[in-house]
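Student: One structure is given below, represented as structure tokens, and several questions about it will come after.
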Amino acid sequence: MKKIFTTHLSILLLMAILFGLGSCSKEIDDAYRNPNANVRVPVETLLPGIIGNFVGSSSAQGSAYGTANDGLYIGRYVQFWATNTAGNQYDRMGGATGGSDILGSVWAMHYYGMGLNLSRMIEWAEEEKKWDYVGVGHAIRAWSWLTLTNTYGEAILKQALDPTLLVFNYDSQEEMYAESRRLAHLAISYLNKTGDGASQANLAKGDAFFYNGDVNKWKKFVYSVLARSFNHLTNKSSYNADSVLFYANLGINANADNASAKFLAQGLSGTYNFYGPFRVNTGALRQTKFIADLLAGRNPMFQGVVDPRAPYLIRENTNGTYIGVRPNKGTDGLVTADQPQNFWGGAFASTTAPGDDLGARYIFRNGAEFPIITAAEIQFIKAEAHYRKKNFAAARQSYLDGINLSIDYLTGSFQSNIPTSRQITPASKSGFIANAAVAPATITLSHIMLQKYIAMYGHGLIETWTDMRRYHYTDLDAVTGQQVYRNFEPPVGTDLWPDNKGAWAYRCRPRFNSEFLYNIVALDAVGGRALDYHTKEQWFSKP
């Protein structure tokens with residue numbers, strides 16, 4: 001009996017200990033949750049970080065995932081800017097080398113920064129019948145697939161974000177274009193749904209720094225992504241100008257609908273514009289001769305016409321004129337008085353960020369919005385499509401609309417720190433647009449593409465690069481016999497990075513800290529470890 005009691009008591013004590021341990025374990029689990037576990041959070045809290053990836057997100061595992069960081073280097077390829085000293089490999093159209101993660105930010109943006117966060121937001125929003133969040137999620141992913149493949153070419157599509165895999169196969173760019181379009185149409189179908197958990201007020205909780213919950217603007221964003229995707233294929237026999245126009249007409253056609261990321265510019269670094277002085281990322285960059293000549297009337301396409309947008313987009317020198325540097329040439333032989341200010345208003349030689357942004361302008365201010373797609377861009381897309389249809393009157397009208405929208409966007413959103421004497425007035429705007437050198441009776445392809453370049457200066461990084469690659473940088477206009485991008489001079493000879501083997505940049509290599517460390521077999525299948533891989537032309541620009 002005693003043995004039975006003792007045994008029973010022992011069992012009770014053991015059970016008490018186990019229950020105690022279980023309770024203790026639960027408290028520990030609650031206090032120290034596994035950061036890798038699938039913890040469900042409100043979809044409203046996921047969207048702001050996902051939107052942050054449009055420009056440059058930050059996390060415990062890294063920062064600057066988005067278009068702006070890679071744009072520092074892609075902007076050199078298209079000669080938005082160059083370094084204020086000679087010898088920079090990206091000024092020379094070099095690709096990333098060694099163990100560098102440079103030019104891998106868009107890759108990280110797509111697969112990590114958005115990645116499973118975006119997938120979970122879509123999944124959970126669908127379960128909660130928050131159709132607007134589902135639609136926005138698909139819209140962002142449609143944009144992201146198109147942006148990713150235009151940056152890198154082949155990438156991981158079919159096996160993307162599969163948590164059961166450690167290595168992933170690459171898929172073709174053509175497939176990613178198709179996926180982007182599929183998701184765009186899916187996005188529209190969800191954005192058209194109402195009722196249940198969909199509401200502007202609730203969407204605005206997660207969308208405060210983009211469209212503030214306006215579903216109609218998100219639809220226009222999606223249609224603009226579709227217009228881009230069809231516009232990119234001008235070199236192919238399948239190109240259809242009517243498809244471009246159809247989606248462009250449904251897209252962003254007013255500055256009030258512009259897709260742009262906004263910044264609080266308070267507290268954490270990630271709340272500041274990536275190009276502002278607080279983030280200290282653009283200190284060594286200076287405007288190039290190409291953009292300065294376009295705006296100062298030295299490019300033969302707009303000879304003698306000073307563009308009123310010049311003080312908004314680039315910087316004057318102490319002589320009060322607009323001059324830029326040639327890539328890989330440093331001061332380019334410019335006397336001190338002709339050397340342009342840096343983008344924060346400091347001296348040419350200064351790379352140190354000021355303590356405030358009172359001298360900064362445009363997208364180089366701490367709190368300035370960063371455009372993703374604008375109405376001006378869509379008008380120039382329409383102008384090119386009309387031109388290719390030989391509807392020259394419509395092309396000219398869209399061209400003029402694009403210039404008007406570009407000017408109005410600058411005066412409406414980027415007037416800060418522009419000296420009063422250099423601000424655009426109604427008279428300077430109308431005089432510029434009426435000038436025969438800017439808007440002749442019959443415009444050319446060069447007019448369209450160069451004005452589009454100006455309108456997208458600084459922010460339209462990957463899209464402008466896509467345009468220039470469509471025209472292989474120096475393609476001739478069949479009508480005029482001149483370069484489409486008149487006077488654009490990509491680096492040649494000793495100014496071109498030696499790894500390029502005489503070719504220009506057409507893609508970025510995949511991100512080093514994933515593909516070169518864990519996915520070598522797939523990388524080798526596309527030749528990704530070749531030193532000149534970044535010069536391999538992409539599918540979209542081929543016939």
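Student: Those residues that are surrounded by fewer than 24 Cβ atoms within 10 Å (Cβ to Cβ), out of contact with any strand residue (DSSP E or B) (no Cβ under 7 Å at 6 or more places or on another chain), more than 25 Å from residue 217 (Cβ to Cβ) and in contact (Cβ under 8 Å) with a residue 12 or more places away in the chain, I need them from the stretch 101-128; list them, please.
Tutor: 101, 102, 111, 116
Student: Quick test for you: out of 253, 249, pick the one residue that is outside any helix (DSSP H, G or I) and either touching a His at 6+ places or on another chain (Cβ under 8 Å) or under 24 Å from residue 409 (Cα atoms) (or both).
Tutor: Of 253, 249, the one residue that is outside any helix (DSSP H, G or I) and either touching a His at 6+ places or on another chain (Cβ under 8 Å) or under 24 Å from residue 409 (Cα atoms) (or both) is 253.
Student: Turning to a different aspect of this structure: I'd like the full set of residues that are without any contact (Cβ under 8 Å) to a residue 60 or more places away in the chain and either buried (at least 22 other Cβ atoms within 10 Å of the Cβ) or assigned to a helix (DSSP H, G or I) (or both), limited to the stretch 414-443.
Tutor: Within the stretch 414-443, 420, 421, 426, 427, 430, 431, 433, 434 qualify.
Student: If I filter the stretch 161-184 down to residues being hydrophobic (A, V, I, L, M, F, W, C) and either surrounded by fewer than 16 Cβ atoms within 10 Å (Cβ to Cβ) or under 21 Å from the mean Cα position of the chain (by Cα) (or both), which single residue comes out as nearest to residue 535 (Cα to Cα)?
Tutor: Going through the qualifying residues, I end up with 176.
Student: Related question: Collect the residues in the stretch 455-470 that are part of a helix (DSSP H, G or I), out of contact with any Gly (no Cβ under 7 Å at 6 or more places or on another chain) and more than 15 Å from residue 384 (Cα to Cα), keeping them in residue-number order.
Tutor: Within the stretch 455-470, 462, 465, 469 qualify.
Student: A further question follows. If residue 76 passes every condition in (1) crowded, with 24+ Cβ neighbours inside 10 Å; (2) in a loop (DSSP other than H, G, I, E, B) but one, which one does it miss?
Tutor: With respect to (1) crowded, with 24+ Cβ neighbours inside 10 Å; (2) in a loop (DSSP other than H, G, I, E, B), residue 76 is out only on (2).
Student: Return the only residue of 262, 289 being within 24 Å of residue 70 (Cβ to Cβ), among the basic types (Lys, Arg) and buried (at least 19 other Cβ atoms within 10 Å of the Cβ).
Tutor: 289
This table checks each residue for (1) among the basic types (Lys, Arg); (2) in a loop (DSSP other than H, G, I, E, B); (3) under 25 Å from residue 437 (Cα atoms).
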{"site": "472", "(1), (2), (3)": "no, yes, no"}
{"site": "479", "(1), (2), (3)": "no, yes, yes"}
{"site": "485", "(1), (2), (3)": "no, yes, yes"}
{"site": "494", "(1), (2), (3)": "no, no, no"}
{"site": "531", "(1), (2), (3)": "no, yes, no"}
{"site": "543", "(1), (2), (3)": "no, yes, no"}
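Student: In addition: Of the residues 56, 49, which is under 23 Å from residue 200 (Cα atoms), buried (at least 16 other Cβ atoms within 10 Å of the Cβ) and at pLDDT below 95?
Tutor: Values: 56 fails: under 23 Å from residue 200 (Cα atoms).
Sole residue among the options that is under 23 Å from residue 200 (Cα atoms), buried (at least 16 other Cβ atoms within 10 Å of the Cβ) and at pLDDT below 95: 49.
Student: Still on this structure: Residue 522 is checked against (1) out of contact with any Asp or Glu (no Cβ under 8 Å at 6 or more places or on another chain); (2) in contact (Cβ under 8 Å) with a residue 24 or more places away in the chain and fails just one. What number does that condition carry?
Tutor: It fails just one condition, (1).
Student: Take the residues in the stretch 326-364 that are over 24 Å from the mean Cα position of the chain (by Cα) and outside any loop (DSSP other than H, G, I, E, B); name whichever of them is surrounded by the most Cβ atoms within 10 Å (Cβ to Cβ).
Tutor: Here the residue is 338.
Student: Still on this structure: Applying the selection to the stretch 129-160, what residues are of a type outside the set (Lys, Arg), surrounded by 15 or more Cβ atoms within 10 Å (Cβ to Cβ) and more than 19 Å from the chain's Cα centre (by Cα)?
Tutor: 131, 132, 133, 134, 135, 156, 157, 160
Student: Tell me, which helices (runs of 4 or more DSSP H) lie completely within the stretch 161-234 with 1 or more residues that are of a type outside the set (S, T, N, Q) and more than 30 Å from residue 264 (Cα to Cα)?
Tutor: Correct list: 173-191, 215-231.
Student: If I filter the stretch 367-384 down to residues being in a helix (DSSP H, G or I) and not hydrophobic (A, V, I, L, M, F, W, C), which single residue comes out as farthest from residue 258 (Cα to Cα)?
Tutor: Selected residue: 384.
Student: In the list 113, 87, 98, which residue meets the criterion of being of a type outside the set (A, V, I, L, M) and either in a helix (DSSP H, G or I) or in contact with a helix residue (DSSP H, G or I) (Cβ under 7 Å, 6 or more places away or on another chain) (or both)?
Tutor: 113
Student: Quick check on the stretch 444-453. Is at least one of its residues surrounded by fewer than 17 Cβ atoms within 10 Å (Cβ to Cβ), outside any loop (DSSP other than H, G, I, E, B) and at negative phi? So that I can check it myself, show each step before the final result.
Tutor: Within the stretch 444-453, the first condition is being surrounded by fewer than 17 Cβ atoms within 10 Å (Cβ to Cβ), and the residues that meet it are none.
The answer is no; no qualifying residue exists.
Student: Which of the numbered conditions does residue 487 fail, given that it passes all the others? Conditions: (1) touching a residue at least 40 places away in the same chain (Cβ under 8 Å); (2) surrounded by 20 or more Cβ atoms within 10 Å (Cβ to Cβ); (3) touching a helix residue (DSSP H, G or I) at 6+ places or on another chain (Cβ under 7 Å).
Tutor: Here residue 487 meets the rest and fails (2).
Student: While we're here: All but one of (1) at pLDDT 95 or above; (2) within 16 Å of residue 98 (Cβ to Cβ); (3) polar (S, T, N, Q) hold for residue 514; which doesn't?
Tutor: Residue 514 satisfies every listed condition except (1).
Student: Using the structure shown, decide if residue 518 is hydroxyl-bearing (Ser, Thr, Tyr) and under 22 Å from the mean Cα position of the chain (by Cα).
Tutor: Spelling it out, it is not the case that residue 518 is hydroxyl-bearing (Ser, Thr, Tyr) and under 22 Å from the mean Cα position of the chain (by Cα).
Student: Residues of the stretch 74-100 being within 20 Å of the chain's Cα centre (by Cα), in contact (Cβ under 8 Å) with a residue 24 or more places away in the chain and under 21 Å from residue 350 (Cβ atoms), which ones?
Tutor: Matches in the stretch 74-100: 75, 76, 80, 81, 82, 91.
Student: Something else: In the stretch 154-172, how many residues are among the small types (Gly, Ala, Ser) and over 15 Å from residue 514 (Cβ atoms)?
Tutor: Going residue by residue through the stretch 154-172, those that are among the small types (Gly, Ala, Ser) are 155, 160, 172.
Adding the requirement that they be over 15 Å from residue 514 (Cβ atoms) leaves 172.
Selection size over the stretch 154-172: 1.
Student: Shifting gears a bit: Testing residue 244 on (1) surrounded by fewer than 21 Cβ atoms within 10 Å (Cβ to Cβ); (2) closer than 22 Å to residue 394 by Cα, one condition comes back false. Which one is that?
Tutor: Status for residue 244: all satisfied but (1).
Student: Going residue by residue through the stretch 530-540, is there one that turns out to be in contact (Cβ under 8 Å) with a residue 60 or more places away in the chain and over 27 Å from residue 99 (Cβ atoms)?
Tutor: Yes; the residues of the stretch 530-540 include at least one that is in contact (Cβ under 8 Å) with a residue 60 or more places away in the chain and over 27 Å from residue 99 (Cβ atoms).
The values are calculated or read from the model by the stated rules, or taken from the named source; none is laboratory data. Predicted model only: the values in this text are computed from it and were never measured. So basically every Cβ, Gly included, is an ideal-geometry build from the backbone, and we count neighbours across all protein chains shown.
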